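What follows is a short report on a single structure.
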Amino acid sequence: MIILGVDPGTLTTGFSIVEFSRGRTTLLACDVIRNRSSRSMPLRLKTIYDALCDAIDRYRPDEFAIETAFYGKNAQSALKLGHARGVSILAAVNRQLPTAEYSPREVKKAVVGNGAASKEQVRYMLKSRMQLATLPKLFDATDALAVALCHLQCTTERRSDGRTKRSESWKAFAVNNPERVIRQK
């Protein structure tokens with residue numbers, strides 16, 4: 001299974017492609033889509049859409065996962081984030097990818113075990129869990145990797161209708177998927 005994870009933003013959108021096969025998770029790509037603040041919003045959104053479509057066409061992911069909007073005090077920022085999320089989801093839907101959404105707390109809890117973890121803690125756990133020598137410098141890229149791994153961890157089995165079934169609890173997930181549990185050495 002190949003998963004495209006996205007951390008949306010109008011200036012910087014992180015994306016990551018991971019493959020889970022034979023009990024191993026492999027990082028295929030982890031990068032950002034950059035936009036200049038001087039560009040108009042429609043052009044920024046087109047850049048995000050086109051880049052994600054290119055990634056989908058190149059890596060042929062089976063599923064798409066995206067971080068939900070973080071509701072802060074700034075309505076304008078939330079609106080812009082909604083635009084980036086919208087074109088990201090549209091790229092996946094137009095390529096007929098099943099789409100899942102995860103809150104920042106869900107992602108951090110899946111990767112670190114603590115929904116209030118810092119970005120630095122998430123980066124450390126990603127590097128450790130994926131056994132990577134280095135990670136991209138920007139948090140947007142590593143956040144996208146965390147989204148992809150969160151989706152991988154939360155997704156258990158396919159029902160006959162093709163929809164995703166989630167585990168009732170983390171313990172049930174570990175019992176039902178021992179090959180997907182990463183054990184520390």
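List of remarks:
- With respect to (1) in contact with a His (Cβ under 8 Å, 6 or more places away or on another chain); (2) over 17 Å from A141 (Cβ atoms); (3) of a type in the set (A, V, I, L, M); (4) buried (at least 16 other Cβ atoms within 10 Å of the Cβ), the lone exception for M41 is condition (4).
- The residue of region 92-118 that is modelled with the lowest pLDDT, among those that are within 26 Å of A55 (Cα to Cα) and either in a loop (DSSP other than H, G, I, E, B) or more than 14 Å from the chain's Cα centre (by Cα) (or both), is S103.
- Verdict on A100 being touching a Cys at 6+ places or on another chain (Cβ under 8 Å) and farther than 25 Å from T10 by Cβ: no
- Complete set of residues in region 119-147 that are small (G, A, S) and either in a helix (DSSP H, G or I) or in contact with a His (Cβ under 8 Å, 6 or more places away or on another chain) (or both): S128, A141, A144, A146
- Y59, sole failed condition from (1) under 17 Å from I2 (Cα atoms); (2) among the aromatic types (F, W, Y); (3) in contact with a helix residue (DSSP H, G or I) (Cβ under 6 Å, 6 or more places away or on another chain): (3)
- Of all the listed residues (I66, I48, I56), the sole one being assigned to a strand (DSSP E or B), aliphatic (A, V, I, L, M) and either modelled with pLDDT of 95 or more or more than 21 Å from A148 (Cα to Cα) (or both) is I66.
- Among all residues of region 12-30, there is none that is assigned to a loop (DSSP other than H, G, I, E, B), within 20 Å of T142 (Cα to Cα) and touching a residue at least 24 places away in the same chain (Cβ under 8 Å).
The values are calculated or read from the model by the stated rules, or taken from the named source; none is laboratory data. Bear in mind that the values here come from a model prediction, so they are computed numbers and not experimental data. We place every Cβ from the backbone using ideal geometry, glycine too, and count neighbours over all the protein chains shown.
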